1. Note the angle between two axes, namely the Cα long axis of helix 64-79 and the longest principal axis of the Cα atoms of the chain, as a number of degrees from 0 to 90, rounded to the nearest 10.
2. Scan region 102-171 for trypsin sites (Lys or Arg not before Pro) in coil per DSSP, keeping those whose Cβ has at most 12 other Cβ atoms within 10 Å, and list them by number.
3. Pull up all non-local amide H partners of Ile33: gap of 5 or more, or a different chain, and H-to-H distance under 5 Å with H placed in the peptide plane.
4. How far apart, in nm, are two points set 7 Å out from the Cα along the Cα-to-Cβ line at Ile182 and at Ala37?
5. Return, ordered by residue number, the residues of region 113-129 whose backbone nitrogen is under 20 Å from a label point located 7 Å along Cα→Cβ of Glu86.
6. Helix-only estimate, please: 222 nm mean residue ellipticity of the chain, summing -39500 (n - 2.57) across DSSP H runs of length 4 or more and dividing by its residues, to the nearest 500.
7. Enumerate the amide H contacts of His192 below 5 Å, restricted to partners 5 or more residues apart or on another chain; note that Pro and chain-start residues carry no placed amide H.
8. Quick one: of the DSSP bridges fully inside the chain, what percent are antiparallel, nearest 5?
Amino acid sequence: MTDPYYHEIQETSLPTVLIDIVMDNPQVGTVSIDSEAASLEAVDYLIGRGHKHIGMINGSRDANVSTLRESGYRQAMEKNGLLVNESYVQYANFDEDITFLITKNLLSNHKEITALFCASDIMAIGAIRAARDMGKKVPEDLSIIGFDDIVLASYVTPTLTSVAQDMETIGFQAAKLLSEIIKDNPKEKVNHWIIPHDIHYRESVADVKKDQK
């Protein structure tokens with residue numbers, strides 16, 4: 001949201017559709033999943049498996065999706081009566097190698113953490129690498145959830161539980177919404193279309209161990 005183009009689009013009169021970014025401009029539409037609700041659901045799932053000390057590896061402080069996914073994480077923790085430890089929330093700029101370093105630091109300083117919610121699959125893969133490098137097993141010692149359900153999520157070891165976005169549908173609906181904005185009076189239309197999400201449950205999450213509770 002600090003990108004100069006972001007501010008330019010705020011003032012544009014050119015019909016535009018964005019993915020994941022909401023803007024108060026009748027000429028600009030948005031197509032996205034509900035990142036906040038999806039994140040809440042993912043963290044809720046971890047809590048349902050017995051995890052209480054849950055860290056979050058977020059993307060960029062300036063990204064709209066990062067704000068929404070962190071909000072979902074915080075809502076899930078608070079809804080379940082769990083305090084949010086601010087040092088549990090780290091930012092890795094959606095980068096695998098930065099996540100690797102941050103995860104090692106986070107787990108070294110907070111040995112009580114039993115699960116991580118990562119705001120992208122790429123960062124989740126970095127977290128899995130870090131856990132393995134520290135001699136921890138996923139999911140036996142550390143459960144991990146990613147976001148996006150990229151192709152690699154099904155091929156990493158262990159296979160990655162992830163929030164799934166149907167990008168083909170999102171792309172199709174973005175083109176359709178752009179057509180609607182061009183043809184009709186946008187002030188009379190809902191310019192934010194929400195696409196359903198799903199969570200694909202795989203091997204990277206397990207019940208918390210008795211000695212970790």
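Values quoted throughout were computed directly from the atomic coordinates according to the rules given, and no laboratory measurement underlies them. For clarity, every value in this text was computed on a predicted model and none was experimentally measured. No Cβ is skipped: glycine too gets one built from the backbone with ideal geometry, and neighbour counts run over all protein chains shown.
1. 50 degrees
2. Lys111, Lys137
3. Ile195
4. Between Ile182 and Ala37, the label points sit 3.0 nm apart.
5. 113
6. Computed ellipticity for the chain at 222 nm equals -12000 deg cm²/dmol.
7. For His192, whose amide H was placed from the backbone, the distant partners under 5 Å are Thr30.
8. 10 percent
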